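This report concerns only the one structure given below.
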Amino acid sequence: MHKHTLVVGFSLIAVLFVPSTANSKTIDDNNESIETKNNKINVIKNDIEKLSLSQTSSNLKLDKIDERMIAIDKDIQKLIENDKSFDWITPLTNLCAVIFGALIGGFLSYKIQGRQTKFEISKSLMDWKVKQLSELYGPLYALLHQSNAVYRQMNIVLEKVDSNLFRLVDDSKKADLDKKIFQIFINNEWVIFRTITHIDKVYGKDYGVEKYFDELLDIGERMVSIVEDKAGYVREDQPELAHIFGQYLAHYTVLRQLHKQMKESFERQGETTISRQLDMPVDHTAAFPREIQGLVQVGYQELNQELNNWGKKAE
């Protein structure tokens, strides 16, 4: 009897110290499992007590006690086995959590890296546009306006001196930046005044415009410097501008030589009227390419707009 009592006691201790590893269950499920175990243990205790009482009171046969104890041992083993039946859940859950976390982390990393790459490309493009605007289009745009303003002042002076020979008219098709065109009356018709072909008609002829040519050459020299150093910043949608730059450089070279010759002749004659013809032959193909004004203006405005739009998106 005492032997069987000890077996049951040790069995109870084993049940009490079996760890529950069903971590995948919720807290309520765990509490319910513990409560169930406690209830079963209490039932077992009661059975033992009943057996003890029955033994002392009615002297039950030992074989029936053995059978009952075997049944109790089986119940305890089932409890232990049921408790261990969920041992596989925890490592599987951890593995799933690791895989899921890795997938989520990889996806987020991919998205962040993609956005970072896109931002860096966009920033590099904007940095390039800033250089185009600040080093090529911006300075040329300002100098072209300055040159046009000086040229218009000279036109106004000539028109006031002799309106029968010079005139400034509106012409949106062949116009300069201000939508006007300056003309000279030659061979009984009005033609567009071109500096390199008509400089001898106004320079040193008592019109008082010699200083205007000095200013125009100074502005042209600064434009040449910019074109020679920064022509690589031409917008990709304006490939023709590079060709126009070449025409402008040729124009400036011819105009500089003509101006030098006219100025030396004018100074040798004591700033009196120059009577002799130019020694350097010129052709209208070396005239100032007015297309440069429109192309630079369009490029300048579009770059400003693109940078403004990019700035708004970044806010």
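The figures follow:
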{"item": "Accessible-area order (highest first, 1.4 angstrom probe) of the listed residues Lys118, Lys74", "result": "Lys118, Lys74"}
{"item": "For region 129-138, Karplus couplings with θ = phi - 60° (6.51, -1.76, 1.60), whole Hz, Gly/Pro x", "result": "5, 4, 5, 4, 6, 7, 10, 10, 5, x"}
{"item": "Residue-count net charge about Lys173 - beta-carbon cut-off 13 Å; Lys, Arg +1, Asp, Glu -1", "result": "0"}
{"item": "Qualifying trypsin sites (Lys or Arg not before Pro) in region 139-234, DSSP loop, other Cβ atoms within 10 Å at most 15", "result": "Lys173, Lys174, Lys179"}
{"item": "Phe193 long-range amide H proximity, modeled H, under 5 Å", "result": "Phe182, Gln183, Ile184"}
{"item": "Under 13 Å, Cβ to Cβ, from Asn148 - net charge with Lys/Arg +1 and Asp/Glu -1", "result": "+1"}
{"item": "Out-of-range pairs (alpha-carbon distance over 32 Å; input Lys123/Lys230; Lys160/Lys260; Lys131/Lys211)", "result": "Lys131/Lys211"}
{"item": "Extension gain, Leu165 back to Leu108 (0.36 nm per residue minus Cα-Cα distance, nm)", "result": "13.0 nm"}
{"item": "Solvent accessible area, Å² - Glu159, 1.4 Å probe, full protein context", "result": "60"}
{"item": "Neighbour net charge for Ile192 - beta-carbon separation under 12 angstrom, K R +1, D E -1", "result": "+3"}
{"item": "Per-residue ³J(HN,Hα) for region 223-240, Karplus 6.51 cos²θ - 1.76 cosθ + 1.60, θ = phi - 60°, Hz, x for Gly and Pro", "result": "5, 4, 4, 5, 4, 5, 8, 10, 4, x, 8, 4, 4, 5, 8, 10, x, 5"}
{"item": "Surface accessible to a 1.4 Å probe, His284 within the full protein complex, Å²", "result": "130"}
{"item": "Area accessible to solvent at Ile192, 1.4 Å probe radius, in Å²", "result": "40"}
{"item": "Under 5 Å, built H, 5+ apart or other chain: amide partners of Gly204", "result": "Val209, Glu210"}
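The values are calculated or read from the model by the stated rules, or taken from the named source; none is laboratory data. Just so it is clear, the model here is predicted, and its values are computed rather than measured. FYI the Cβ positions are ideal-geometry reconstructions off the backbone, even for glycines, and counts take in every protein chain you see. These area figures cover heavy atoms from the full protein model, side chains too; ligands, DNA and RNA do not enter into them. Shrake-Rupley method; radii C 1.70, N 1.55, O 1.52, S 1.80 Å.
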